């Protein structure tokens, strides 16, 4: 196949001019369209703003006036207690350790070998006063006693002979049959014989005393705390044989704060401090997993205040501690009120009976605010006066159950006189009157005269 060349056509001078004009018209049209779109971008937002302002103005002009009402702030719901004056006896708490009245070491007073030990001389053993607890070999001391007795007999004979000889010489001297020097010589012999007799008698007394000391006897009724010897041991004077303590009564030394002395019947007399004896004391302690209680009495107060603790110690006395004690509540296998011993060394809590007070008010500790102030509900009103739904019954209290709101009141802050405060109660002797409604609930925000909704503490 053959390709023929195409020769270019000659351009028409008029045709080129027409194309240029067409291009110019198209450019003019595009410029006019762009200007219109630019104006639309600015115009549409302006129209939207104007329309929005018009709608807002219409709403403002045509809206209704809102209804107004006074808002009643909620009145706090509190528990109150109507106080009644009462007479009571104050108590003071203290803690101490039970100790025996006396505790002593058994000590040998003579030397010798132990030949017998009482079956009661064991740790925990009981014995009575003057019971034989231990014996030493007495043979040596029996021989010494018998020798002393014989010596006394001899000296008595010599003294009688010297006395009779001296008496005979006096009669002879009165008749002139004997000289004064002879009489003096016989009188001296009489004095020597009398002195020898006295010495022999003293030796006999010492021998008898040593013989008695070969038997160790109990100085009081008590129990054995420890035993240090056994049969066959040789002991010397001063050797410790054991340790015993009395059981006729026990004592508890109780520290008392000086401020609490005002609540006890304890008088400060001169340099010493003597209590009015007989105040009842209740001792409580745990023994064998049981709560036990023992009666006691205030026996005395010590003569001085402890310089380190700044406390005064009083002494409680428990009679016959190994036969007293009652169990609080039933215990397995033990009837209530059974006799339980009070062992030495037990740590106990003491409730000390103090002085009696009259016409005082007793409140829970939470009723006391900011020192010596209480909140009292006064100007009692009906609950409807508190306004709105806050006067409704069946409101939930801080204690959980739903209670009936009986009435309302206004808060009054009172200054009171606190006689005594402890962990469980506050005793007030001034600032309140019978029938006052004391607020016993927590109240974080308060002001004098504020409205309250009241719930009696006895309601449920």
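Evaluate segment 97-112: report whether one residue or more is within 30 Å of residue 421 (Cα to Cα) and either in the same structural domain as residue 221 (by TED's automatic domain parsing) or assigned to a strand (DSSP E or B) (or both). Yes - at least one qualifying residue is present in segment 97-112. Across segment 299-311, the number of residues qualifying as assigned to a strand (DSSP E or B) and modelled with pLDDT of 90 or more comes to 1. Of all residues in segment 425-445, those satisfying the criterion of being more than 15 Å from residue 81 (Cβ to Cβ) and surrounded by fewer than 14 Cβ atoms within 10 Å (Cβ to Cβ) are 430, 444, 445. When segment 97-125 is filtered for residues that are buried (at least 20 other Cβ atoms within 10 Å of the Cβ) and within 30 Å of residue 424 (Cα to Cα), only 98 remains.
Between 90, 133, the distinction of being within 21 Å of residue 230 (Cα to Cα) and part of a strand (DSSP E or B) belongs to 133 only. Does residue 126 fit the bill of being touching a strand residue (DSSP E or B) at 6+ places or on another chain (Cβ under 8 Å), within 30 Å of residue 243 (Cα to Cα) and at pLDDT 95 or above? Here the answer is no, as residue 126 does not meet what is asked. Residue check: is residue 158 more than 60 Å from the chain's Cα centre (by Cα), over 30 Å from residue 345 (Cα atoms) and modelled with pLDDT under 95? So residue 158 fits the description; yes. Restricted to strands (runs of 3 or more DSSP E) entirely inside segment 348-460, those with at least 1 residues that are at pLDDT below 85 and on the phi < 0 side of the Ramachandran plot are 373-381, 407-415, 451-456. Among the residues of segment 212-271, those that are at pLDDT below 95 and in a helix (DSSP H, G or I) comprise 258, 259, 260, 261, 262, 263. Taking the listed residues 168, 142, 147, 160, the one that is surrounded by 14 or more Cβ atoms within 10 Å (Cβ to Cβ) and either out of contact with any helix residue (DSSP H, G or I) (no Cβ under 9 Å at 6 or more places or on another chain) or part of a helix (DSSP H, G or I) (or both) is 142, with no other qualifying.
The values are calculated or read from the model by the stated rules, or taken from the named source; none is laboratory data. The structure presented is a predicted model; accordingly, all values stated were derived computationally and were not measured. Neighbour counts run over all protein chains shown; Cβ positions are idealised from the backbone, glycine included.
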